[in-house]
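Novice: I am attaching a structure below and will ask some questions about it afterwards.
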Amino acid sequence: MNGNLTIVHAESLACVSDDGQPRAGRTQGELNIIPDGAVAIRGGKIVAVGPTGRVLQDFHDDAPVLDATGKTVLPGLVECHSHPIFAGNRHWEYVRRLEGADGRDIRAEGGGIWFTIENTRKADDAELVRQAVRAFEQIAAGGVTTLEVKSGYGLDTNGELRLLRLLKEASAKTRMDIVFTFLGAHIAPQDGRSAAEFVATVKNEMLPAVLEQGIAESQDLSCENGDFSVAQARELIEYSHSLGLPVRVHADASSDSLGWRTAVEGKALSADHLTYTPDAEINAVGATRTVAVLLPIAEQFYLDDRKANGRLFIENNVPVAVATDYCSSFQATSLPLTIAAACSWFRFTPAQAIVGATLNAAYALGKNRDRGSLDVGKRGDVTIFHCGHPNQLGTAIGAPLVDVAISGGNVIWEATRQG
């Protein structure tokens, strides 16, 4: 656990080098591959990256050596959008969707996020921690080294603080690095409170309590028709910034809500979903530093009548990330499968999707300073795959390609040690 490791002879070592901004436009598809590449990690930090011969010449000490012959080495995968703590499985909703029901029908039948909120409130702490830990185990098997986790199924102050506390407790049982997000304004409440009343509660009661608790590193919120309006989202964004708490936004998931423009104008780290963001809005907003986090498996699960226009975001020099959206509706755990899905669903190249699951995902979390790329000085976070070229992450769909996941120079998951 000393964080010393030298990885050598990678057939393809993809650096995804960080030049101080998220990858956008043409650079979204550049991986900066070094053939027969090596990376030296000392004290948990990357100290050298380059051809194996040169790295070994400079670092020939007694650190362990990992031979990556025939394999692809990437920056540690970053899962930037998940909701892993909840109770109450909603598998029946998928069946109803396949039978032709829409979200309104499902809510009328007792489903939807409110069903999860009610069940989560009833569940005991131990049950919720077990659920989160199990999710962590499954996500880690996909080679993830950094995982973002949200609250959001409490919808009151005590409930949200409880979920953040339990996520923190669960994080002690995984070797992935966990990034905590407060999602108070997830949906409009269905217990008689108006959306405006609830926004006031989030602003005046929840956010101060969350900051005092000291777990959450950012606030997420929804800008969605039927939940929180543009004006309400702006109010929360501005207040969060005044408190020094970075913001992310659930936007345009089920309809055109002006969520993308609102997130960009509010200088949010990211806007997530964007399924219904109009092409005209993407073109009008243009290039941004706000990351567009796209969720291809979510769009397929919800059987939407359209998909996010991922290629148009890239053409407009918008940095794009991809994520699973693990949640109470569907439990997608594999970020490598999400990379493959982004290729077929959005017509991304594998390189564009990989950048979206490494460097750009790190920027979406505000964690780009120390992860997301194989650059000297960053954390020694690495994911190694059983394939010779990164393109194969797009073609070996669903195959168990992950060989080793490394966090801070220490192996945290290894295929040969499983089972």
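Novice: Which one of HIS9, ALA101, ILE85 is farthest out on the positive end of the charge dipole of the chain, using unit charges on Cβ (Lys, Arg +1; Asp, Glu -1) and the Cα centre as origin?
Specialist: HIS9
Novice: For the chain, take the longest principal axis of its alpha carbons; what is the angle in degrees between that and the long axis of helix 230-242, to the nearest 10 within 0 to 90?
Specialist: The two axes meet at around 50 degrees.
Novice: Measuring with a 1.4 Å probe in the full set of protein chains, what accessible area per residue, in whole Å², belongs to the chain? Don't skip to the answer; put the middle values down first.
Specialist: Values: 15560 Å² over 419 residues.
On a per-residue basis, the chain sits at 37 Å².
Novice: Further question on the same structure: Tell me, rounded to the nearest percent, the portion of alpha carbon pairs in segment 345-419 spaced more than 16 Å apart. Walk me through the intermediate numbers first.
Specialist: Working: 1616 of 2775 pairs.
Within segment 345-419, distances greater than 16 Å cover 58 percent of Cα pairs.
Novice: Rounded, prolate or oblate: which fits segment 82-235 when a ≥ b ≥ c are the square roots of the eigenvalues of the alpha-carbon gyration tensor, with rounded for a/c under 1.5 and prolate only if a/b beats b/c? Mind dumping the intermediate values first?
Specialist: On the way: a/c = 1.75, a/b = 1.11, b/c = 1.58.
Since a/c reaches 1.5 but b/c is at least a/b, the shape of segment 82-235 is classed as oblate.
Novice: I've got another one for you. Leaving out ligands, DNA and RNA, and with a 1.4 Å probe, what % of the accessible surface on segment 87-217 is carbon or sulfur?
Specialist: Values: 2600 of 5570 Å².
In segment 87-217, the share of accessible area belonging to carbon and sulfur is 47 percent.
Novice: From Cα pairs below 8 angstrom and at least 6 apart in sequence, can you work out the relative contact order of the chain, rounded to a whole percent? Please list the in-between numbers first.
Specialist: Working: 1026 pairs, mean separation 96.9, N = 419.
This gives 23 percent for the chain.
Novice: How much net charge surrounds GLY88 when only other residues with a Cβ under 9 Å from its Cβ are counted (Lys, Arg +1; Asp, Glu -1)?
Specialist: It works out to a net charge of +1.
Novice: While we're on this one: Tell me the carbon and sulfur percent of the accessible area for segment 301-358, rounded to whole percent, probe radius 1.4 Å. Please report the intermediate quantities before stating the final value.
Specialist: Details: 840 of 1660 Å².
Solvent-exposed carbon and sulfur of segment 301-358 make up 50 percent of the total.
Novice: What is the count of Lys pairs in segment 104-210 whose alpha carbons sit under 20 Å apart, if the two are 8 or more places apart or on different chains? Working shown, then result.
Specialist: Working: LYS122/LYS150; LYS122/LYS168; LYS150/LYS168; LYS150/LYS173; LYS150/LYS203.
Close lysine pairs found across segment 104-210: 5.
Novice: Something else now. Within the set of other residues whose C-beta is less than 15 Å from the C-beta of PHE348, count the net charge using Lys and Arg as +1 and Asp and Glu as -1.
Specialist: Working: positive: ARG23, ARG26, LYS307, ARG311, ARG347; negative: GLU30, GLU299, GLU315.
My count for the surroundings of PHE348 gives +2.
Novice: Please get the size of the charge dipole for the chain, origin at its Cα centre, with Cβ charges of +1 on Lys and Arg and -1 on Asp and Glu, quoted in debye to the nearest 20.
Specialist: Numbers: 38 positive and 51 negative charges, 93 e Å.
Here the size comes out at about 440 debye.
Novice: Shifting gears a bit: So, with +1 on the Cβ of K and R and -1 on the Cβ of D and E, and no other charges, what is the size of the charge dipole of segment 232-373 about its Cα centre, to the nearest 20 debye?
Specialist: Values: 12 positive and 14 negative charges, 101 e Å.
That gives segment 232-373 a dipole magnitude of about 480 debye.
Novice: Turning to a different aspect of this structure: Please report, in debye to the nearest 20, how large the charge dipole of segment 78-149 is about its Cα centre when each Lys and Arg carries +1 at its beta carbon and each Asp and Glu carries -1 there.
Specialist: Numbers: 9 positive and 12 negative charges, 21 e Å.
Using Cβ point charges on Lys, Arg, Asp and Glu, segment 78-149 gives about 100 debye.
Novice: On C-alpha positions alone, give me the angle between the axis of helix 335-346 and the longest principal axis of the chain, in degrees, nearest 10.
Specialist: Value to nearest ten degrees: 70.
Novice: Can I ask one more? Express the relative contact order of segment 92-194 as a whole percentage, based on alpha carbon pairs under 8 Å and six or more residues apart in sequence. Please list the in-between numbers first.
Specialist: Values: 96 pairs, mean separation 28.6, N = 103.
Here the relative contact order equals 28 percent.
Novice: Right, here's the next one. Projected onto the charge dipole of segment 228-355 (+1 at Lys/Arg Cβ, -1 at Asp/Glu Cβ, origin at the Cα centre), which of LEU337, GLY310, LEU294 gives the Cα projection farthest towards the positive end?
Specialist: Toward the positive end, the furthest listed residue is LEU337.
Novice: Cα convex hull of segment 276-392: mean projected area in nm², to one decimal? If you can, show how the numbers build up before the last one.
Specialist: On the way: hull surface 32.3 nm².
Its Cα hull, projected and averaged over all orientations, spans 8.1 nm².
Novice: Quick one: net charge of LEU295's neighbours, Cβ under 14 Å, K/R +1, D/E -1? Please report the intermediate quantities before stating the final value.
Specialist: Details: positive: LYS150, ARG248, ARG306, LYS307; negative: GLU79, GLU148, ASP220, ASP252, ASP272, GLU299, ASP304, ASP325.
Net local charge, LEU295 excluded: -4.
Novice: Among the aspartates and glutamates, which have Cα under 13 Å from the Cα of LYS367 when same-chain residues fewer than 8 positions away are ignored?
Specialist: Straight-distance partners of LYS367: ASP18, GLU79, GLU148, ASP177, GLU217, ASP381.
Novice: May I ask you to derive the relative contact order of segment 248-377, considering only C-alpha pairs under 8 Å and at least 6 residues apart, and to give it as an integer percent? Intermediate results must be reported in sequence, preceding the final value.
Specialist: On the way: 244 pairs, mean separation 25.9, N = 130.
After rounding, I find 20 percent.
The values are calculated or read from the model by the stated rules, or taken from the named source; none is laboratory data. Just so you know, these numbers come straight off a predicted model, no measurement behind them. Backbone-built Cβ (ideal geometry, glycine too); neighbour counts: all protein chains shown. To get the accessible areas, we keep the full protein, side chains included, count just its heavy atoms, and leave off ligands, DNA and RNA. Shrake-Rupley method; radii C 1.70, N 1.55, O 1.52, S 1.80 Å.
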